[in-house]
Amino acid sequence: MPFKANAAHRHRIPRARYRVINWPSYEAGLRRRGDLLLWLDQDVIAGWAAPRRSTPGGQPRYSDLAIELVLTLRLVSDLALRQAEGFAQSVLALLGLELRVPDHTTLSRRGRSFARRQPHVLAGGDPMHLVLDSTGLELFGQGEWCAAMLGRTRRRWLKLHLGVDAATGQIAAHRLTDGHADDAAQVPDLLRQPEGTANPDRQSPRDRHIQLVAERGRMAWQRMTGYGRRNVVEATMARYKGLIGPKLRARRRDGQVGEVALGVQVLNRMMREAKPVTVRQG
């Protein structure tokens, strides 16, 4: 970290203060996030059953939309698969709808189909400014202490790499890798996902930043690169772990990737519903 060498003198640096300038609309949006009003569009009801296919094999009973709805309720409510099944049945009964709910085994199997889904976040006419960082998500099962005591060598967590649009705060790209994966190596894949991003140059990002620090100094490098904007992705990771959870519920890798994709979709919806607009004071 740039300030580590001067940690003893950081008390002289005044703490930045920000003021929310859209508090009424932001507060109303936060209340809407907790609104329990439930309704299903007629298109959702009509598209609950999967369309028949002409290829050999069994016919699917539920559409991807039905699977996505139940799995989304599961993530938002922090439920296990069987609990999500029962919760969805209760919701449909309260709405007076006679629709069958996918069972927990179907939800687990079909949830893997969302592994390739990426968020659709457009930056308008300007290039998107992506802020990249990663965080660890613990795998389902026993914790690190039990793994160490029992002598297990299997890694118990994965790394979630996020690319957040600095202007909107929405997640524009994500990637789930092994815990030992290098952050810089994921940059090309993250930049290929959203529209409106510029291609990185051929110079190594690390070498480029080292060169800037040597030529301009640390403080000038921070101003030139927008180093302080890293708080955007750090806040997003905190929201993900607070709302979706710090653990991956699925046990298979493709199911874990699909779970993250749906979690990112939920988080972006909440951000569109309520986002604070702040200005720096002093």
Verdict on Glu85 being acidic (Asp, Glu), closer than 29 Å to Lys275 by Cα and part of a helix (DSSP H, G or I): no
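Looking only at residues in region 17-73 that are among the acidic types (Asp, Glu) and part of a loop (DSSP other than H, G, I, E, B), which one is nearest to Val260 (Cα to Cα)?
Among them, the one singled out is Asp35.
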Helices (runs of 4 or more DSSP H) wholly inside region 163-279 that include at least 1 residues being over 21 Å from Ser108 (Cα atoms), of a type outside the set (Val, Ile, Thr) and modelled with pLDDT under 80: 205-216, 218-225, 230-243
Odd one out for Val277 among (1) surrounded by 14 or more Cβ atoms within 10 Å (Cβ to Cβ); (2) on the phi < 0 side of the Ramachandran plot; (3) in contact with a strand residue (DSSP E or B) (Cβ under 9 Å, 6 or more places away or on another chain): (1)
Count of region 28-61 residues which are touching a helix residue (DSSP H, G or I) at 6+ places or on another chain (Cβ under 7 Å), surrounded by 13 or more Cβ atoms within 10 Å (Cβ to Cβ) and free of Cβ contacts under 8 Å to residues at least 60 places away in the same chain: 3
Whichever residue in region 88-101 is in contact with a helix residue (DSSP H, G or I) (Cβ under 6 Å, 6 or more places away or on another chain) and assigned to a loop (DSSP other than H, G, I, E, B) and, among such residues, is farthest from Ala66 (Cα to Cα): Leu99
Residue, farthest from Gly242 (Cα to Cα), within region 65-85, restricted to residues that are surrounded by fewer than 14 Cβ atoms within 10 Å (Cβ to Cβ) and touching a residue at least 40 places away in the same chain (Cβ under 8 Å): Ala80
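The values are calculated or read from the model by the stated rules, or taken from the named source; none is laboratory data. Keep in mind the model is a prediction, meaning the values are calculated, not measured. So basically every Cβ, Gly included, is an ideal-geometry build from the backbone, and we count neighbours across all protein chains shown.
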